[in-house]
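Asker: Below are the structure tokens for one structure; questions will follow.
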Amino acid sequence: KGQGGCVWIQPRLMRGRTPLRLLNLLSPLIASPAVAFSRPPALSRPLCFSSTNPLRQSRGQYGRLVMAETKFKVACVQLEAGKDKKANVENAATQIDTACKAGAQLIVLPECFNSPYGTKYFDEYAEEVTTGESPTAIMLSTKAREHGVFIIGGSFPERDMGKLYNTCIAFNKEGDMVCKHRKMHLFDIDIPGQITFKESDTLSPGDTPTIFDLSEHGGPAARIGIGICYDIRFPELCSLYRNSGCNMLIFPGAFNMVTGPAHWELLARGRAVDNQCFLAFCSPARDDQADYTAWGHSLVFDPWGDKLGELDEKPGILYADVDLEQVVTRRTNMPYHFQKRSDVYSLESPFLPKNKDKK
């Protein structure tokens, strides 16, 4: 262990019989899948690594260097959510059971899986997660502990201190709630003659990026940046995750019949290639009788932009085998994150409003 908390290791380590080259290990721009660090680089806003949920606090191995597997199976569960919350939650539990029997180690659920998606439903279906009395959160915790799997629980309406949020919670293999992501960018759009929707009529935005490092909890070396649906349209968030060492991005999302055909696959592939990482996009199933009709088509991309699998619009489970060594290979072969010209261009513009937090 060197100065300032840096960890120095040999350039080659053995994981079983497989040698792993640990390339630029100490740089957050190329994160080796064989090793995981618990402490991200300094950011202007802290990352969300734990919650105050009294269900159970995570006992992750923060601050330690951990060897972890690089291959695992992810399952995106495409659910149809109706107006019966209890039935929605029970169906999600059943599908989690099915995915676990198929060998999935990481389960991903869709956006708003315990309720219909719509501003008029959010208040009625909202649950208080931080009190430990959320039936949906308790189900997710129980299933994670029962099967010994990691669960990224899609999203559902959360009530906290008089405000409503579109919230994703994640659990480790012991059933501990490890992190909570509140949708940062609210879905406010108006496409005349096609669709008008304004989440901000009822929801408040989150303000904290969220990283879930599975290796901190005895899992594979997946360092996952989490977003919800509309968050994927903002490349700066994905770049922040990539620069914080993430090798996978996961977005529960509910695109509609206007934006889905146009941008669903385009955005997913683009973010995977931009950040040279795996990306999973998990949608609800399509219900043509619902107030809001989801596009469906849950999918997974690898760092090269190759599609590992895709569902149609009907309920189902998409399985994909993830090999995190591909992230190191792609980032080494084409190190364009080291080639950015920050001396020439920046994200500031005289035509964009200044951040209200800046003076």
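Asker: Between beta-carbons, use under 15 Å as the cut-off and find the net charge around Phe187, counting Lys and Arg +1, Asp and Glu -1.
Answerer: Numbers: positive: Lys120, Arg182, Lys183, Lys198, Arg233; negative: Glu111, Asp188, Asp190, Glu199, Asp201, Asp231, Asp291.
Here the count lands on -2.
Asker: Probe radius 1.4 Å, ligands and nucleic acids ignored: give me the carbon and sulfur share of the accessible area of segment 279-345 as a rounded percent.
Answerer: 48
Asker: Anything over 30 Å Cα to Cα? Flag those among Lys71/Lys163; Lys83/Lys180; Lys83/Lys198; Lys183/Lys307, in the order listed.
Answerer: From the list (Lys71/Lys163; Lys83/Lys180; Lys83/Lys198; Lys183/Lys307), the Cα-Cα distance tops 30 Å for Lys71/Lys163.
Asker: Relative contact order for segment 72-330 using alpha-carbon pairs under 8 Å, separation at least 6, rounded to a whole percent?
Answerer: Once normalised by length, the contact order is 19 percent.
Asker: Shifting gears a bit: Which value results for Rg/Rh of segment 72-330 when Rg is the Cα radius of gyration and Rh the Kirkwood radius based on the inverse mean 1/r?
Answerer: The Rg/Rh ratio comes out at 0.93.
Asker: At a 1.4 Å probe, what is the % contribution of carbon and sulfur to the accessible area of segment 64-179?
Answerer: 47
Asker: Label Lys83 and Asp188 with points 7 Å out from Cα along Cα→Cβ: what is the distance between them in nm?
Answerer: Those two pseudo-labels are separated by 2.9 nm.
Asker: About the Cα centre, and with charges only on the beta carbon of Lys, Arg (+1) and Asp, Glu (-1), how big is the dipole of segment 72-330? Nearest 20 debye, please.
Answerer: On the way: 24 positive and 37 negative charges, 58 e Å.
It works out to roughly 280 debye.
Asker: Moving on. Using +1 on the beta carbon of Lys and Arg, -1 on that of Asp and Glu, and nothing else charged, what's the dipole of segment 63-133 about the Cα centre, debye to 20?
Answerer: It comes to approximately 400 debye.
Asker: I've got another one for you. Give the accessible surface of segment 210-343 per residue, rounded to a whole number of Å², with probe radius 1.4 Å and ligands, DNA and RNA excluded.
Answerer: Dividing the accessible area of segment 210-343 by its residue count gives 34 Å².
Asker: Could you grab the relative contact order for segment 215-277? Cα pairs under 8 Å, six or more apart, rounded to a whole percent. Walk me through the numbers on the way to the answer.
Answerer: Details: 57 pairs, mean separation 23.7, N = 63.
It rounds to 38 percent for segment 215-277.
The values are calculated or read from the model by the stated rules, or taken from the named source; none is laboratory data. Quick caveat: nothing in here was measured; it's all calculated off a predicted structure. Methodologically, a virtual Cβ is constructed for each residue, glycine included, from the backbone with ideal geometry; neighbour enumeration extends over all protein chains shown. With ligands, DNA and RNA removed, areas are computed over all heavy atoms of the protein, side chains included. Shrake-Rupley method; radii C 1.70, N 1.55, O 1.52, S 1.80 Å.
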